[in-house]
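There's a structure below that I have some questions on.
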Amino acid sequence: MSSCLTAYLLDIPATHALVGSKDEQLLATIRDQFADDLARDDDWFSDQIEDGAPTAFDALTAVVHGGPYDADDEHSFQYGYAYKRLCGLTGFFLDNSSFCPFRGDWLEMVDEGMKALRVTAVSVAELGYFGGLPAGIPGYDLPRCGEWTHESCVAALEEFEQTKRDGHAPPLEPEVVEAVMSVIGWLRMAASRPGLGVIGFVA
């Protein structure tokens, strides 16, 4: 079974603040402008919704209102996807062609490539750890979520630039090099925009 890492460049504190904001205008905008997307997601998860999981919009409403959340753990995946939708609507999508789809321990392999280049301030695998959703949002398996602060992105980019200055060039598989350079592109974008970081989801 394959997975996909999706990452966004955004203001992390501002994104966290959407959770529990009770922003009815935001909800109305999403309902009106993204009705087809919501309906498509409901069709994809129709079996789970029939079993009691919230619809995409109901889950989104719960996240924006800070609850109430369904007590059934098996239904809580919808809240993670609702938060992912908020990130997608408020953030800038980062090219994930090296990470979607992927299988097995690919994220760890890319991390090893980054470590070989002495880049340790961020970890691709950490974007897919369980328990990374903002406090209060229940999570169950997928999607998993992680964050890189602006400061971490700046530090990781400086590590890479220092590696270049040192002329350190370890042998890496071409596909790993491609993925690492994709990550470096994310870091450059984050570092050049004060206050912005990265939020990633693995599903």
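Do any helices (runs of 4 or more DSSP H) entirely within segment 1-115 hold 1 or more residues that are in contact with a strand residue (DSSP E or B) (Cβ under 9 Å, 6 or more places away or on another chain), and if so, which?
Correct list: 12-18, 77-90.
Condition first: at negative phi and within 19 Å of the chain's Cα centre (by Cα). Can you find one or more residues in segment 164-176 that meet it?
no
Considering only residues that are in contact with a Leu (Cβ under 9 Å, 6 or more places away or on another chain) and either farther than 22 Å from D11 by Cβ or among the acidic types (D, E) (or both), look in segment 59-77 and name the one that is modelled with the highest pLDDT.
T61
Among residues belonging to segment 98-147 that are among the small types (G, A, S), out of contact with any Asp or Glu (no Cβ under 9 Å at 6 or more places or on another chain) and within 23 Å of E178 (Cβ to Cβ), point out the one that is surrounded by the fewest Cβ atoms within 10 Å (Cβ to Cβ).
So, considering only residues that are among the small types (G, A, S), out of contact with any Asp or Glu (no Cβ under 9 Å at 6 or more places or on another chain) and within 23 Å of E178 (Cβ to Cβ), the one surrounded by the fewest Cβ atoms within 10 Å (Cβ to Cβ) is G104.
How about segment 121-155: which of its residues are free of Cβ contacts under 8 Å to residues at least 40 places away in the same chain and closer than 21 Å to F102 by Cβ?
Hits for segment 121-155 are S123, A125, E126, Y129, F130, G131, G132.
State the number of residues belonging to segment 156-203 that are surrounded by fewer than 17 Cβ atoms within 10 Å (Cβ to Cβ), of a type in the set (G, A, S) and within 19 Å of N96 (Cα to Cα).
Looking only at that region, the number is 1.
Using beta carbons and a limit of 6 Å, which pairs, at least six apart or on different chains, have the first residue in segment 18-35 and at positive phi and in contact (Cβ under 8 Å) with a residue 40 or more places away in the chain and the second one surrounded by 12 or more Cβ atoms within 10 Å (Cβ to Cβ) and in a helix (DSSP H, G or I)?
K22/H65
Related question: Keeping to segment 137-179, report how many residues are of a type in the set (A, V, I, L, M), in a loop (DSSP other than H, G, I, E, B) and in contact with a Gly (Cβ under 6 Å, 6 or more places away or on another chain).
Counting residues in segment 137-179 that are of a type in the set (A, V, I, L, M), in a loop (DSSP other than H, G, I, E, B) and in contact with a Gly (Cβ under 6 Å, 6 or more places away or on another chain) gives 1.
The values are calculated or read from the model by the stated rules, or taken from the named source; none is laboratory data. Quantities reported herein were computed from a predicted structural model and do not represent experimental measurements. Note: ideal-geometry Cβ built from the backbone for every residue, glycine included; neighbour counts use all protein chains shown.
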